[in-house]
Amino acid sequence: MSLAAVILAAGKGTRMKSGLPKVMHRVCGRPMIEYVLDAVQGAGVEEIVVVVGFGGDLVARTVQDRARVVYQHQQLGTAHALLQAAPVLGNFPGAILVVCGDTPLVTSSTLARLAAAHAEMGARATILTAILEDPTGYGRVIRDGEGRVQRIVEQRDATPRELAVKEINTGIYCFSAPGLFDALSAIKSENAQGEYYLTDIIGQLVQQGEPVAALKVEDPREVEGINDRRQLARMEAYLRQQILEELMLSGVTVVDPATTFVDRNVKIGPDTVIYPFTIIEGNTVIGRNCVIGPGSRLIDVQTGEGVVIEHSVIRESKIGDKCTIGPFAYIRPGCVLAPEVKVGDFVELKKTVVGRGSKIPHLSYVGDATVGSGVNIGAGTITCNYDGEKKWPTVIGDGAFIGSNTNLVAPVEVGKGAFIGAGSTITRDVPPGALGIERGRQRNIENWLQKKPRR
Ligand code: UD1
Ligand code: CA
């Protein structure tokens with residue numbers, strides 16, 4: 001049977017108290033909606049529609065490569081939201097999975113099981129339900145004496161007796177497409193919130209004598225919805241633990257999972273050791289046999305193998321095999337380090353390419369520079385790359401030796417194998433093999449105490 005999916009993601013998420021649409025809030029570095037998209041895609045659907053509304057353009061940009069986007073201009077409720085998919089799926093012959101954009105842990109296998117159960121039972125609608133110890137906030141699934149689903153009642157509209165029911169509506173359903181949109185148009189908004197509730201379609205179908213089924217989810221964690229930031233933080237903690245466990249099972253040592261934070265999209269090779277207080281974000285990829293941390297933050301970084309990074313921050317850069325970074329280095333976007341480069345303590349790099357085996361061991365700022373291989377940059381070297389208006393490049397040839405406390409006033413080039421005397425302010429190019437030195441000649445005055453002018 002053909003299967004489509006609609007993801008409801010138009011709500012503001014009032015309880016988040018945020019300017020950002022709820023589904024764009026990140027869990028372990030990825031917007032919630034992306035998790036839901038993954039799950040839906042993996043369930044074997046042939047068409048995905050995402051209903052966006054509040055902050056819709058932002059959500060649309062995030063999903064448009066993977067789904068059709070429709071707008072719900074006013075958030076009048078979940079039934080009204082689903083109705084907006086009618087122009088795309090109005091003539092769809094198969095079944096439609098409906099998933100809320102705020103349940104990021106739902107899995108493809110659960111969605112596929114729901115679709116299969118729906119087909120097997122020949123239902124018009126099948127609800128995915130869960131039994132929760134604390135069902136507060138969720139819609140309750142009301143069954144009759146024989147256990148047949150009768151309707152769903154929202155928390156705010158429920159009687160005390162209904163509130164005692166522990167079986168909840170996960171907000172995930174499978175509907176037979178033919179007739180669905182007509183049925184949605186018939187839903188009224190006579191309830192505590194004055195909204196068009198999708199949940200009302202269940203009671204409506206039952207009253208019409210249509211077959212309605214329910215499937216209980218095996219792991220209720222999967223269908224946890226995020227409505228406020230406390231739930232967001234709990235979800236983050238749970239998912240973070242899962243990510244770390246997957247990494248550990250794949251051969252990564254995480255010395256202290258309690259203080260290690262790794263985003264969902266990060267990849268780490270086996271035999272890499274992550275020391276405590278380390279945060280690895282975005283699309284970072286770390287090779288095997290690395291030692292990362294303690295106390296490091298990597299954002300969108302790619303490293304080779306055998307890299308050592310301690311107490312450092314690195315963003316949007318590439319680090320070659322066997323480089324050593326830190327402690328206390330700051331590598332800003334656009335850096336590319338060849339293998340075996342050393343970037344030591346209190347060194348800042350920006351938009352800089354460094355060749356194989358070069359060393360910038362201490363207290364330097366190197367920005368907008370191209371550094372060859374086998375270069376040694378002495379302590380306190382500064383590339384003066386900014387003249388107050390523009391940024392200028394510095395080029396340092398292979399094997400050059402830059403003495404300590406050098407200023408390289410860009411644009412400037414130091415040739416291959418050249419030397420710079422310590423303390424120089426270099427404003428002109430230094431030819432290959434030459435010594436560039438720029439400083440006052442030292443004077444020693446003998447017996448200074450006797451000669452010192454007295455007052
Ligand atoms: C909904 C269900 C509830 C269920 C719970 C599961 C209804 C009426 N209630 O409640 O039975 O237990 O999910 O998590 O459906 N949305 C729109 N447009 C709107 C309103 C909502 O697109 O006009 C989207 C939201 O972006 C969200 C989803 O629908 O992704 C659910 O909305 P939300 O307000 O979170 O519903 P709940 O109160 O959690
Ligand atoms: Ca919700």
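Please treat every number below as a calculation from the coordinates, not as lab data. It should be emphasised that the depicted structure is a prediction, and the values quoted were computed from it without experimental measurement. Because the Cβ atoms are built from the backbone with ideal geometry, glycine has one as well, and the counts that use them run over all protein chains shown.
Run lengths n ≥ 4 of DSSP H only: what is the helix-derived mean residue ellipticity at 222 nm for the chain, with -39500 (n - 2.57) per run over all residues, to the nearest 500? Can you show the working numbers first?
On the way: 10 runs with 86 residues, N = 455.
For the chain, the value works out to -5000 deg cm²/dmol.
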Arrange Ser185, Ser364, Ser176, Ser404 by Cβ neighbour counts within 10 Å, fewest through most, would you? Ser185, Ser404, Ser176, Ser364
Per DSSP, the loop-located GluC sites (Glu not before Pro) within the range 167-272 having at most 15 other beta carbons within 10 Å are Glu190, Glu218
Taking the Cα centre as origin and putting +1 on Lys and Arg beta-carbons and -1 on Asp and Glu beta-carbons, what dipole magnitude results for the chain, to the nearest 20 debye? 2280 debye
Under 1.5 on a/c is rounded, so check that first for the range 344-444, then, if it is not, pick prolate when a/b is larger than b/c and oblate when it is not; a ≥ b ≥ c are the square roots of the alpha carbon gyration tensor eigenvalues. rounded
List, in order, the whole-Hz ³J(HN,Hα) value for each residue of the range 238-250 obtained from phi through the Karplus relation with A = 6.51, B = -1.76, C = 1.60 and θ = phi - 60°; use x for Gly and Pro. 5, 5, 4, 4, 4, 4, 5, 5, 4, 4, 4, 5, 8
In the neighborhood of Gly334, defined by Cβ-to-Cβ distances under 14 Å, what is the net charge if each Lys or Arg adds +1 and each Asp or Glu adds -1? +2
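Loop-only GluC sites (Glu not before Pro) in the range 1-54, please: DSSP not H, G, I, E or B, and at most 15 other Cβ atoms within 10 Å. Show your work: numbers first, answer last.
Details: sites: Glu34, Glu46, Glu47; in loops: Glu46.
For GluC sites (Glu not before Pro) across the range 1-54 that sit outside H, G, I, E and B with at most 15 neighbouring Cβ atoms in 10 Å, the list reads Glu46.
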Sort Leu82, Leu3, Leu337 by Cβ crowding within 10 Å, fewest neighbours at the top. Leu3, Leu82, Leu337
Scalar couplings 3J(HN,Hα) for the range 34-39 by Karplus 6.51 cos²θ - 1.76 cosθ + 1.60 (θ = phi - 60°), nearest whole Hz, x for Gly and Pro, are 5, 4, 5, 4, 4, 4
Cα lying deepest toward the dipole's positive end in the chain, options Val206, Thr272, Pro333, charges on Cβ: Pro333
Between Ile172 and residues 5 or more places away or on another chain, which pairs have amide H atoms under 5 Å apart, with H built 1.01 Å from N, and which residues are they? Leu128
Quick note on Ile268, Ile7, ordering by fewest other C-beta atoms within 10 Å, gives Ile268, Ile7
Using only the Cα atoms of the range 184-235, build the gyration tensor, take square roots of its eigenvalues as a ≥ b ≥ c, and label the shape rounded, prolate or oblate: rounded if a/c is under 1.5, else prolate if a/b is larger than b/c, else oblate. oblate
Setting aside same-chain residues fewer than 8 positions from Lys318, which lysines have a Cα under 18 Å from its Cα? Lys267, Lys342, Lys350, Lys351, Lys359
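For the range 302-455, what relative contact order do you get, as a whole percent, if you take Cα pairs closer than 8 Å and at least 6 residues apart? Intermediate results must be reported in sequence, preceding the final value.
Numbers: 490 pairs, mean separation 18.1, N = 154.
The normalised contact order for the range 302-455 reaches 12 percent.
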Can you tell me which aspartates and glutamates have their Cα less than 14 Å from the Cα of Lys416? Leave out same-chain residues fewer than eight positions away. Asp398, Asp429
Could you please state, rounded to a whole Å, how far the C-alpha centre of the range 374-419 is from the C-alpha centre of the range 224-238? 49 Å
Of Ala130, Gln75, Gly29, which is farthest along the charge dipole of the range 1-156 in the positive direction, counting Lys and Arg as +1 and Asp and Glu as -1 at C-beta? Gln75
Quick check: pseudo-label points 7 Å beyond the Cα along Cα→Cβ at Ala116 and Ala434, how many nm apart are they? 7.6 nm
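If you take the square roots of the eigenvalues of the alpha-carbon gyration tensor of the range 1-84 and sort them as a ≥ b ≥ c, do you get rounded (a/c under 1.5), prolate (a/b over b/c) or oblate?
oblate
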